[in-house]
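Engineer: Following this message is one structure expressed as structure tokens.
The values are calculated or read from the model by the stated rules, or taken from the named source; none is laboratory data. Only a predicted model underlies this, so the values are computations on that prediction, with no experimental measurement involved. All Cβ positions, even for glycine, are placed from backbone atoms using ideal geometry, and neighbour counts span all protein chains on display. In case anyone asks, the SASA skips ligands and DNA or RNA and just uses the protein heavy atoms, side chains included. Shrake-Rupley method; radii C 1.70, N 1.55, O 1.52, S 1.80 Å.
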Amino acid sequence: MNHPSNFMPTPEHDVLDVKPLRTLAPMFPAPLGINTFNQSTTPPLIVVTPAGQFQGGFGAWNNSAAKSFFAFGSEDASGGKAHKFGDQNTGSGKAATFGDQDAFGSQNVATGVQDSAGGQTATDWTSDVSANPNGPIDATPISAYRSTQPIVISLDDDDDDDNDDDDEPYAANKTSASGRKIKRPSRLSGYNVSDRLVSDSSNSRKVKRPKSSHKKAAADNENALLPPSDDPRETVEAVLMTFEALRRRHLQLDEAQETNKRADLKASAIMMASNIRANSGKRIGVVPGVEIGDIFYFRMELCIIGLHAPSMAGIDYMTAKFADEDDSVAICIVAAGGYDNNDDDTDVLVYSGSGGNSKNSEERHDQKLERGNLALERSLSRKNVIRVVRGYKDPGCLTGKVYIYDGLYRIHESWKEKTKSGIFCFKYKLLREPGQPDGVAIWKMSQKWVENPITRGSFLHPDLSSGAENLPVFLVNDIDSDKGPHHFTYTTQVEHLNPLSSVKPLEGCRCLSVCLPGDANCCCAQRNGGSLPYSSSGLLVCRKTMVYECGESCRCSFNCRNRVTQKGVRIHFEVFKTGNRGWGLRSWDAIRAGSFICEYVGEVIDDAKINLNDIEDDYIFQTLCPGERTLKWNYGPELIGEQSTDISAGTFETLPIKISAKRMGNISRFMNHSCAPNVFWQPVQFDHEDDHRPHIMFFALKHIPPMTELTYDYGDIGADSSGVRSPRAKNCLCGSSNCRGFFI
């Protein structure tokens, strides 16, 4: 697809006449998570394979190393130079580092650090891309440092104007739900993730927070949290799932203390120290395991999967070899609204260069043609592809953003332009490579439907629930002439064999207004193991045998954070016709990992009177083992010094409840099976004490982009001990790489 350029310079434009500036030595950010403790005298040749993995999965990183250095290489928006995390003079031009500057003596960070393979790696990555600019990169390490500093991470706010990565709003002086004012320290540098004290807000006791034992866990069982898979997609998803689980758990601990530290930075620091990451090293083109349309809520997620290395800077670049010449080129950009970037056209992006505006001061100056800006200009000449991540405001969080990977682009022209603030900045016009799946286009389309559902068009029915749900459920068929699913009664309640009024109500808490994290007197929190099971934004923290919400017997209000699933569906759904699996369910909204989806409702079956293997009912829910993928959804407690809560398929215990949605049900009856699901079920109680009859609630296993089919694992049992296949087993059509071939 050729895009003719209609650009004509005006008096306010200055067409660039750029010559290669060999005297400018761009300082490239060091790859995250590299170990600098070991030292090798012979720099090896490191080859990043198409699968994106070093030998040994994530690199033969010595996990016994107790101390590491992280160089995030963030560009200062004011002066084009990186700054040191924790350094009060952000405009000092110091290298952006995680750790103590003294670890380097008088040396310069740009000379390099040791890589994850135990050898020496320069931050100035060099690659020959003359044969295939989209292929893997051969990086030749140059030099290394030896660091003996502990893993120390600054929890200060970053200075990037597009990095509002907060699950909950972190205000400078925040008032807690209890009315207590939370003072935010002006500087939190020197924060050590391995040793923290927690103050119990209810009785002012000093409680020792569990020590992070990621060093020992990684040394004893390297990458134990990652699946033994050669599929890069599975590896990337496992890394992201671990990050999100650790972040939610850290957020839960911080809320109990009423602190406002960055849980995302803590989670990423632990993962880097434990070598839990994907796609080490930089590359031009596709990142193995990352798909167009994938969504992220934190910049650190982009870092740990190798999509975009800088944690704050918008331009990621490297030195690559073109024929017999080395040149610094851009490999990925994040356009997240920090500058006036035009992205109305989903195939065209006009991107502003870096520098010129300072978030921490009123100083403004013209942008300079150096580092990231220079790399973008060289990419115009070299015509290499560039990954593009676009950021938008998160509809579910006022202070957050959603980052969408939109595929590969190329720069077609550049110019200088005077901004509204009076400075000159560089502008780069990028065109999306043809033949790629839709990414941001789907996001923009679905957001229009959310704002005005009637614009969906081509629907069979505007609300399948007939008003029973909080939001209408559209019925859509773009495949064939089928006018809708077989007749059933839409309901939002479970019909039990015996009325629940005969069961003893669940004991209620005595909390006034709302339940507070860390309140030792809240019986609902104690019933959940001492902590409220949800974050303040309603995300489930971890999977449990049973989650107990506040109910009618509780004194707290309906706005209590421990009342999530009972409030009903809060997502815009549509039931749609799939190609080969009947009707399915998907969402117009982006769904965050841990979000409540819906409840499985229908008629409770008395299996003493019904032989499940003989009946023709494709809508029966049983609490069979949901598969290893779902069981691993919990955070890695051993990484932060807590006891492991993981259970295996062999120790999983089923519940006696069985529900049929054949005659009556809701949207949950349309969720198809997948051996690689994005949704899981969780028992929840809030209205009675009979744990054999819980509510079956569904939650998001991972971040789910809009218009992605929602699936869960029907059960990991399809044959008996003798290998005889169950009469109810059906051939699986999920198409995943780990497909079992059948399901119940």
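Engineer: Tell me yes or no: at least one residue of region 274-285 is among the hydrophobic types (A, V, I, L, M, F, W, C), buried (at least 19 other Cβ atoms within 10 Å of the Cβ) and not in a loop (DSSP other than H, G, I, E, B). Reasoning before the result, please.
Structural biologist: First pass over region 274-285, keeping only residues among the hydrophobic types (A, V, I, L, M, F, W, C): 276, 278, 284.
Right, trim to buried (at least 19 other Cβ atoms within 10 Å of the Cβ) and you get 276, 278, 284.
From what's left, not in a loop (DSSP other than H, G, I, E, B): none.
Checking region 274-285: not a single residue is among the hydrophobic types (A, V, I, L, M, F, W, C), buried (at least 19 other Cβ atoms within 10 Å of the Cβ) and not in a loop (DSSP other than H, G, I, E, B).
Engineer: Another one. Within region 249-268, take every residue that is part of a helix (DSSP H, G or I) and open to solvent by less than 10 Å² (accessible area, probe 1.4 Å) and give me the one that is nearest to ASN521 (Cα to Cα).
Structural biologist: Filtering first and then ranking leaves ASP254.
Engineer: If MET445 meets every condition in (1) in contact with a helix residue (DSSP H, G or I) (Cβ under 7 Å, 6 or more places away or on another chain); (2) modelled with pLDDT of 95 or more; (3) not polar (S, T, N, Q) apart from one, which number is that one?
Structural biologist: Result: MET445 passes all but (1).
Engineer: From the list SER379, SER354, exactly one residue is of a type in the set (Gly, Ala, Ser) and open to solvent by 10 Å² or more (accessible area, probe 1.4 Å). Which is it?
Structural biologist: Unique residue meeting the criteria: SER354.
Engineer: Separate question: Filter region 367-399 for residues that are modelled with pLDDT of 95 or more and acidic (Asp, Glu) and give the result.
Structural biologist: Correct list: GLU377 only.
Engineer: Still on this model: Looking at (1) open to solvent by 30 Å² or more (accessible area, probe 1.4 Å); (2) within 28 Å of the chain's Cα centre (by Cα), which is the only condition GLN622 fails?
Structural biologist: The one condition GLN622 does not meet is (2).
Engineer: In region 318-331, how many residues are out of contact with any His (no Cβ under 9 Å at 6 or more places or on another chain) and under 14 Å from ARG410 (Cα atoms)?
Structural biologist: Summing the residues that are out of contact with any His (no Cβ under 9 Å at 6 or more places or on another chain) and under 14 Å from ARG410 (Cα atoms) in region 318-331 gives 2.
Engineer: I'm trying to understand the selection: among the residues of region 392-404, which are open to solvent by 10 Å² or more (accessible area, probe 1.4 Å) and assigned to a strand (DSSP E or B)?
Structural biologist: The first filter runs over region 392-404 and keeps only residues open to solvent by 10 Å² or more (accessible area, probe 1.4 Å), leaving 392-399, 401.
The answer is TYR392, LYS393, LYS401.
Engineer: Residue under question is LEU612, and the condition is that it be modelled with pLDDT of 85 or more, in a loop (DSSP other than H, G, I, E, B) and either more than 30 Å from LYS266 (Cβ to Cβ) or more than 23 Å from the chain's Cα centre (by Cα) (or both); does it hold?
Structural biologist: no
Engineer: Which of the residues spanning region 477-494 are in contact with a Ser or Thr (Cβ under 9 Å, 6 or more places away or on another chain) and open to solvent by 90 Å² or more (accessible area, probe 1.4 Å)?
Structural biologist: Result: ASP478, ILE479.
Engineer: Let me ask something additional. The conditions are (1) at pLDDT below 95; (2) not in a loop (DSSP other than H, G, I, E, B), and LEU475 fails exactly one of them. Which is it?
Structural biologist: Only one criterion in (1) at pLDDT below 95; (2) not in a loop (DSSP other than H, G, I, E, B) is unmet by LEU475, namely (1).
Engineer: Scan (1) surrounded by 13 or more Cβ atoms within 10 Å (Cβ to Cβ); (2) part of a loop (DSSP other than H, G, I, E, B); (3) not hydroxyl-bearing (Ser, Thr, Tyr) for the single condition LEU497 breaks and write down its number.
Structural biologist: Unmet condition: (1).
Engineer: Name the single residue that is nearest to the chain's Cα centre (by Cα) among those in region 570-589 being closer than 29 Å to GLU549 by Cα and open to solvent by 10 Å² or more (accessible area, probe 1.4 Å).
Structural biologist: Looking at residues that are closer than 29 Å to GLU549 by Cα and open to solvent by 10 Å² or more (accessible area, probe 1.4 Å), I get ASP589.
Engineer: Look through region 666-685, keep the residues that are among the hydrophobic types (A, V, I, L, M, F, W, C) and modelled with pLDDT under 95, and return whichever of them is least open to solvent (accessible area, probe 1.4 Å). Walk me through how you get there before you give the answer.
Structural biologist: Initially, region 666-685 is screened for residues among the hydrophobic types (A, V, I, L, M, F, W, C), giving 667, 670-671, 675-676, 679-681, 684.
Applying the additional criterion that residues be modelled with pLDDT under 95 yields 675-676.
Values: CYS675: 8, ALA676: 34 Å².
Only one residue tops the list, namely CYS675.
Engineer: Only residues in region 726-744 that are closer than 20 Å to TYR619 by Cα and at pLDDT below 80 count as the first member; pair them with residues that are charged (D, E, K, R) and part of a loop (DSSP other than H, G, I, E, B), Cβ under 6 angstrom, at least 6 apart or cross-chain, and list the lot.
Structural biologist: Listed pairs, sorted by first residue: ILE744/ARG728.
Engineer: Within region 452-459, does at least one residue satisfy the condition of being open to solvent by less than 30 Å² (accessible area, probe 1.4 Å), of a type outside the set (Asp, Glu), at pLDDT below 95 and in a strand (DSSP E or B)?
Structural biologist: no
Engineer: May I ask you to say which residue of ARG563, ARG586 is among the basic types (Lys, Arg), in contact with an Asp or Glu (Cβ under 6 Å, 6 or more places away or on another chain) and within 22 Å of GLU495 (Cα to Cα)? Lay out the reasoning, then the answer.
Structural biologist: On the way: ARG586 fails: within 22 Å of GLU495 (Cα to Cα).
Only one candidate passes the filter, namely ARG563.
Engineer: Still on this structure, I have one more. Please go through region 323-346 and pick out each residue that is crowded, with 17+ Cβ neighbours inside 10 Å and at pLDDT 90 or above.
Structural biologist: ASP327, SER328, VAL329, ALA330, ILE331, CYS332, ILE333, VAL334, ALA335, THR346
Conditions tested, residue by residue: (1) under 27 Å from LEU539 (Cα atoms); (2) modelled with pLDDT of 85 or more; (3) within 23 Å of the chain's Cα centre (by Cα).
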residue: GLY594; (1), (2), (3): yes, yes, yes
residue: VAL604; (1), (2), (3): no, yes, no
residue: ALA661; (1), (2), (3): yes, yes, no
residue: MET664; (1), (2), (3): no, yes, no
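Engineer: Scan region 438-462 for residues that are under 14 Å from ILE571 (Cβ atoms), touching an Asp or Glu at 6+ places or on another chain (Cβ under 8 Å) and not aliphatic (A, V, I, L, M) and jot them down.
Structural biologist: SER446
Engineer: Which condition number in (1) buried (at least 21 other Cβ atoms within 10 Å of the Cβ); (2) under 26 Å from the mean Cα position of the chain (by Cα) is the one that CYS550 fails?
Structural biologist: (2)
Engineer: Here is a list of conditions, (1) farther than 30 Å from VAL348 by Cα; (2) among the polar types (S, T, N, Q); (3) open to solvent by less than 50 Å² (accessible area, probe 1.4 Å), and GLN436 meets all of them except one; can you say which number that is?
Structural biologist: (1)
Engineer: So which of ALA525, ALA468 ends up being assigned to a helix (DSSP H, G or I) and small (Gly, Ala, Ser)?
Structural biologist: Result: ALA525 is the single residue among ALA525, ALA468 that is assigned to a helix (DSSP H, G or I) and small (Gly, Ala, Ser).
Engineer: Residue check: is ASN562 within 30 Å of GLU255 (Cβ to Cβ), of a type in the set (S, T, N, Q), touching a residue at least 24 places away in the same chain (Cβ under 8 Å) and open to solvent by 30 Å² or more (accessible area, probe 1.4 Å)?
Structural biologist: It is false that ASN562 is within 30 Å of GLU255 (Cβ to Cβ), of a type in the set (S, T, N, Q), touching a residue at least 24 places away in the same chain (Cβ under 8 Å) and open to solvent by 30 Å² or more (accessible area, probe 1.4 Å).
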